[in-house]
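These notes concern the structure reproduced below.
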Amino acid sequence: MIQDLHAHTYYSFCSQDKPEKVIEVAIAGGVQQFGICDHNYGVACGRTEFCYDKGPALDADYGKTLMRYYDHMNLLRDKYRNKIKILCGIEVCTLKSKDAYALPKNADVSFFDFCLVENLDHPMSVTNGDIFAFARRLGCPTGIAHTDLFRFIDQIGEEPTRYFRKMAENGIFWEINVNYDSLHGFKTHDYVTEFFKNKTQQEIVRKSGVRLSVGFDSHIAREYKPLKVQTACKLIKDMGIHLVFENK
């Protein structure tokens, strides 16, 4: 299966493309399962009190902005159902500094198909490095986005096999982020390069039973590179590791 579970649309504001354009680029690239997951604060800016010049409070409720976004993606899911499988996710910021836009404590995201959590390894993360408690709070399938998990696990003094097994037991997946566009400076993630050549890491992940996702993290449709997505999916399959949602 060719899967890409990390794409952004104009809801994220750091992207300019309509959801339809993003989906059609994925279809043309041979993607079979496609997850749109705009930033939580971008979606919330549908209401002015959550816009960049004011910023949301950590105890705020985004109300209908999240549901409106989800409903829009569901309409597109139906529109393209004969061409591609669309999943509606959301990328959750967890930074609690005054200039960041962490998901408010009262915001309900449990109805989403999945969440991608960013900033897990940042000292200012509201998760305090505990993805397990945070995933329970989110209430939907949860992935760890663009994070060097082996380095993070070492930093917190955990044992990799045990940590990945716990992730598998809790249904938490790990994103292999293959972005390569101008927004990210045309740079690849070192942790992805290392994982694809490190047999020991691959064996730990395979034996743990944890599932992976592949995401291009696209913000600019014209710069989408489906070959990177296809190659990553094939390499993971060849390792004997399962992709999340691959049987759904």
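The values are calculated or read from the model by the stated rules, or taken from the named source; none is laboratory data. The structure presented is a predicted model; accordingly, all values stated were derived computationally and were not measured. Glycine gets a Cβ as well: all are built from the backbone with ideal geometry, and neighbour counts include every protein chain shown. Please note that ligands, DNA and RNA were not included when accessible areas were found on the heavy atoms of the full protein model with its side chains. Shrake-Rupley method; radii C 1.70, N 1.55, O 1.52, S 1.80 Å.
Brief remarks on what is shown
- Residue within region 1-20 that is open to solvent by less than 10 Å² (accessible area, probe 1.4 Å), at pLDDT 80 or above, touching a helix residue (DSSP H, G or I) at 6+ places or on another chain (Cβ under 7 Å) and assigned to a loop (DSSP other than H, G, I, E, B) present: yes
- Helices (runs of 4 or more DSSP H) contained entirely in region 183-248, each with at least 2 residues that are closer than 24 Å to SER12 by Cα: 226-238
- Within region 166-182, tally of residues that are in a helix (DSSP H, G or I) and within 23 Å of PHE134 (Cβ to Cβ): 4
- Every residue from region 155-193 that is of a type in the set (A, V, I, L, M) and over 21 Å from LEU138 (Cβ atoms): VAL178, LEU183, VAL192
- Filter result (at pLDDT 75 or above and either under 20 Å from LYS18 (Cβ atoms) or touching a His at 6+ places or on another chain (Cβ under 9 Å) (or both)) within region 42-66: GLY42, VAL43, ALA44, THR65, LEU66
- Within region 210-242, the set of residues being closer than 14 Å to GLY171 by Cβ and open to solvent by less than 10 Å² (accessible area, probe 1.4 Å) comprises VAL210, LEU212, SER213.
- Criterion (within 26 Å of ILE23 (Cα to Cα) and over 17 Å from the mean Cα position of the chain (by Cα)) met by exactly one of LYS96, LYS105, LYS83: LYS83
- Considering PHE152, PHE111, the condition of being open to solvent by less than 40 Å² (accessible area, probe 1.4 Å) and either closer than 21 Å to HIS6 by Cβ or of a type in the set (D, E, K, R) (or both) is satisfied by PHE152 alone.
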